[in-house]
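All remarks here apply to the structure that follows.
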Amino acid sequence: MVIRDPVRGWSLTELLVAIAVFIMIASAVVTGLLSTQRTWTSGVGQAVLTSELRRTLNRMGRELAEGRSSQIQRPLANGAWDATITFRVPEDRNGDGSVLDANGAVAEWSDWITYVMGGRNACLRLVTPPAPAPVATETLASHITNLQFRRQAATPDVVEIQVTVSSLLETGQRIDRTMGTRVKLRN
């Protein structure tokens, strides 16, 4: 057992070894904290983008589900992806509380609704009333880098939607998420 003389103190070599050990431990702790922060930021960024994707897909899906395949102008039911969808949904236009005629068929339809990519990577909802009324525009989501719709000839009453979002985090990391859904038209 070595007993240190309390008056003698530390040698330069012992002090340098202690500082080197401290620097290695501090460096490992800082590296671990920075890695954890990057992981946390990435996770939060992915959660935000996923939430925006789900909200956008749910909104489009709910509205499209009210439609009918005969009321979709685009995309054609040919299996090709299209960057736009234009459709109408039943809407009580005359205020009588029903969209049906005397025979029980849907007789009242909304103005044309279009989902399309807009400037600044936004998903836009456009409502086109008869001229000369202006087109109403609503931004559904931002950070959108790809928006596609498709219908198959065998199932024209099913609309496939695919949306991709992308964002640059504070850390400089780019996050991309793609989600899709299939919507069965009700009417």
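Rule-based calculations on the coordinates, nothing more; no lab input. None of the values given here were measured: they were computed from a predicted structure. Cβ placement follows ideal geometry from the backbone for every residue including glycine, while neighbour counts extend to all protein chains displayed.
Below, the figures for the structure above:
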quantity	calculated
Cα-based helix-to-principal-axis angle, 12-65 vs the chain, degrees rounded to 10	10
Semi-axis lengths, Å, region 39-184, gyration tensor of Cα atoms, sqrt of 5 times eigenvalues	32, 17, 14
Taking the chain and dividing mean pair separation by its residue count, relative contact order in percent (alpha carbons under 8 Å, at least six apart)	21
Ascending count of other beta-carbon atoms within 10 Å, so fewest first, for Val30, Val116	Val30, Val116
Size of electric dipole in region 39-184: Cβ of Lys, Arg +1 and of Asp, Glu -1, about Cα centre, debye, nearest 20	500
Extreme residue, positive dipole direction of the chain, given options Leu16, Val135, Ala80 (C-beta unit charges)	Leu16
In region 54-150, chymotrypsin sites (Phe, Trp or Tyr not before Pro) in a DSSP loop with at most 14 other beta-carbon atoms within 10 Å	Trp81
Gain in span if fully extended, Val48 to Arg62, counting 0.36 nm per residue against the direct Cα distance	2.9 nm
Distance in nm between pseudo-label sites at Ile25 and Thr84 (7 Å out along the Cβ direction from Cα)	6.6
Those trypsin sites (Lys or Arg not before Pro) in region 101-187 that DSSP places in a loop and that have at most 13 other beta carbons within 10 Å	Arg120, Arg186
Sum of side-chain charges, Ala141 neighbourhood, beta-carbon under 13 Å (Lys, Arg +1; Asp, Glu -1)	+4
